[in-house]
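What follows is a set of notes on a single structure, which appears directly below.
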Amino acid sequence: MVNFSIRVKNADDVFFRSIPPIFLVVCPSPGFFIPPTLAVKNKIFMKKIFLFSLSLAFLLSCSKEKIEEQENSSSITPKARYSTAAVANIKGANWACPGDNYQSGYLALSGLGPGDSYNTNKAFAQNIASQLSSKVGANTVRIPCNIVTVNDQANWARYRGVIDGILANGSKVIIAYWHETTANGYVTDWNGFKNMWTGVCDNYQGNPNVYFEIMNEPYGYSTNDLLNMYKTWLADHPGVTRGRVLCGGTGYDDNVKNIGGDSRISGCLYSQHIYGYWSSGDLSYWYNNLLNRIGSANYSKTVITEAGCTMNSGLNFFGTTSSNNEVNYFQGVCNASRDKGMAICYWPGVRDGDSYAMCTRSGSTLNQTNSSGKNELNWGYGN
């Protein structure tokens, strides 16, 4: 007696749930279905079996096309969606300074002090990266840099401990430039900026787990000036693999479509931000809002380096429908990221005093703020 079974992608998959229980089997060749029979002894019956199989395969292919059509609509319920691999396998969370990363002084990340040594920073950062992995699902940590933190030799010697600690955990790190407090979305000290990035690149361009985000939220630039700035940066740092360079979209990193595909940044990744307080709408609205900002030609290179919302108010983000704008926003963003194979770095994974934080911090221990938010984020990661 032969045992027969149906092979399914997902227990919640509407495609397979739509097949009536007509005793289908899956042959060793995936996708080819025949009805079970204990024995076939004559050619006429074999011919009938063959014709039945062809007809059934056609019906199933039509059903699949219909479901794939539905998948491109954000209205399909989350657990019926498929996933594609995240860009560069980045599944990230931001680790930020209390208050703001826009600072004119040394960048002391949440939990660290400006006088902490290299060894203290490294041990603490390795622990933070480990907990972001185990409690959030993040394999990448995005952190800021600025001119004072890197160009001052003593500061840079300390801050490298943060980077090295994240790497020691086996995580990736995205190093992003935040301009000084009064710079207004523009690089005002080009020589300092260039020297800063030379210091960072000289130390880490040979490490495949380090990514370089030229500038966070370059809102002071026109599209053409921004692309020229990126072009100059790439010429100044030719040793950096372009596939590990992130170029932010125009404005507050809010429009990748304006820069995507330009030859001046060929081979680079793109950085996109999106927040729920920018607008309001249902899940479908937010799904399309994000994709329209990026453009279909750019999905495969886009990292959503900032997306986040209130995590400490008890909202349920996962596996439910809602009239709440923040829930719709986060589900729309995560669905779009999953569907199109983009990457997300949640804002923030850790920042003291931030209601958006995925984790609160007690000393060196991180505590998950909202399990449904974590689950939805992991859905967006493609997990």
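The values are calculated or read from the model by the stated rules, or taken from the named source; none is laboratory data. Worth saying up front: this structure is predicted, and the values here are computed from it rather than measured. When we count neighbours, we look across all protein chains shown, and the Cβ atoms used for this are built from the backbone with ideal geometry, even at glycine.
Points worth noting:
- Filtered residue count, region 123-142, keeping only those that are crowded, with 23+ Cβ neighbours inside 10 Å and within 20 Å of Asn101 (Cα to Cα): 7
- For region 162-210, the tally of residues that are buried (at least 20 other Cβ atoms within 10 Å of the Cβ) and closer than 24 Å to Gly99 by Cβ stands at 15.
- Out of Val173, Val200, sole residue that is touching a helix residue (DSSP H, G or I) at 6+ places or on another chain (Cβ under 8 Å) and within 30 Å of Trp379 (Cβ to Cβ): Val173
- Residue tally, condition buried (at least 19 other Cβ atoms within 10 Å of the Cβ) and in contact with a helix residue (DSSP H, G or I) (Cβ under 7 Å, 6 or more places away or on another chain), over region 85-105: 5
- Being closer than 17 Å to Ser362 by Cβ, modelled with pLDDT of 95 or more and of a type outside the set (Gly, Ala, Ser) is a property that Asn146 lacks.
- Meets criteria (touching an Asp or Glu at 6+ places or on another chain (Cβ under 7 Å), surrounded by fewer than 17 Cβ atoms within 10 Å (Cβ to Cβ) and at pLDDT 95 or above) for Lys231: no
- Elements of the type helices (runs of 4 or more DSSP H) sitting completely within region 108-223 and holding at least 1 residues that are touching a residue at least 60 places away in the same chain (Cβ under 8 Å) and not small (Gly, Ala, Ser): these cover 118-135.
- Close pairs (6 angstrom Cβ cut-off, 6 or more residues apart or separate chains): over 16 Å from Phe317 (Cβ atoms) in region 276-289, surrounded by 15 or more Cβ atoms within 10 Å (Cβ to Cβ) anywhere: Ser280/Asn325; Ser284/Ser74
- Checklist (1) surrounded by fewer than 17 Cβ atoms within 10 Å (Cβ to Cβ); (2) modelled with pLDDT of 95 or more; (3) in contact with an Asp or Glu (Cβ under 9 Å, 6 or more places away or on another chain) applied to His273, failing item: (1)
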